[in-house]
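What follows is a single structure, written as structure tokens, with notes after it.
FYI, it's all coordinate maths here, none of it is from the lab. The structure presented is a predicted model; accordingly, all values stated were derived computationally and were not measured. Note that each Cβ is placed from the backbone with ideal geometry, even for glycine, and that neighbours are counted across all protein chains shown.
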Amino acid sequence: MMKNLFNPADVSSLVERINNLDPGTQPLWGKMNVAQMLAHCNVSMETFTGKKTIKRLFIGRIVGTLMKKNILSEKPFGRNSPTDKSYVIKGTPDFEAEKAKAIASLKNIPAAGPSGVTMHPHPFFGHFTPEQWAVFEWKHFDHHLRQFGV
């Protein structure tokens with residue numbers, strides 16, 4: 001079974017990895033610093049839970065559906081994937097605040113279950129079932145935690 005945010009053990013492993021970050025943790029690739037990465041993941045979680053809605057991208061309507069099967073596969077996300085401007089974090093967010101928010105958001109998901117997931121489409125990949133959203137968000141966190149070597 002694919003790792004996902006509905007599984008408490010999968011969430012615990014992400015939280016453990018987040019707890020291994022500190023404000024000086026350097027990326028192995030990409031442009032974000034560690035605080036920006038956590039803030040970026042938090043915006044993605046707000047999309048996942050329906051607190052933030054991002055309009056479908058035109059390019060996503062064309063190719064997103066074709067790429068959805070690959071993005072939901074066992075294969076980890078590739079390095080330096082493009083990021084929609086809605087998810088680009090500028091400035092210097094507060095590391096501790098973003099870390100605490102990420103951990104709290106993650107810990108709430110298993111109890112909320114599928115009813116805690118948005119019914120809005122992903123801005124690039126389109127419609128996801130709650131289970132697909134949970135896999136996608138786990139993979140998204142995993143990608144960025146690997147980016148920072150944890």
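Note on the chain: the alpha carbon radius of gyration divided by the globular reference 2.2 N^0.38 Å gives 0.97.
Three principal axis extents of the range 1-53 based on alpha-carbon atoms, in descending order, are 31, 28, 17 Å. Arranged from fewest to most other beta-carbon atoms within 10 Å of their beta carbon, R79, R146 become R79, R146. Contact order for the chain, expressed relative to its length and based on alpha carbon pairs under 8 Å spaced 6+ residues apart, stands at 47 percent. For the range 53-101, taking the reciprocal of the average inverse distance between every pair of different Cα atoms yields a Kirkwood hydrodynamic radius of 13.7 Å. How many percent of the alpha carbon pairs in the range 86-136 exceed a separation of 12 Å? Percentage above 12 Å: 72. For the pair T129 and S13, label points projected 7 Å from Cα toward Cβ lie 2.2 nm apart.
With the highest mean first, a sort of the peptides 62-71, 100-109, 7-16 on other beta-carbon atoms found within 10 angstrom per residue produces 100-109, 7-16, 62-71.
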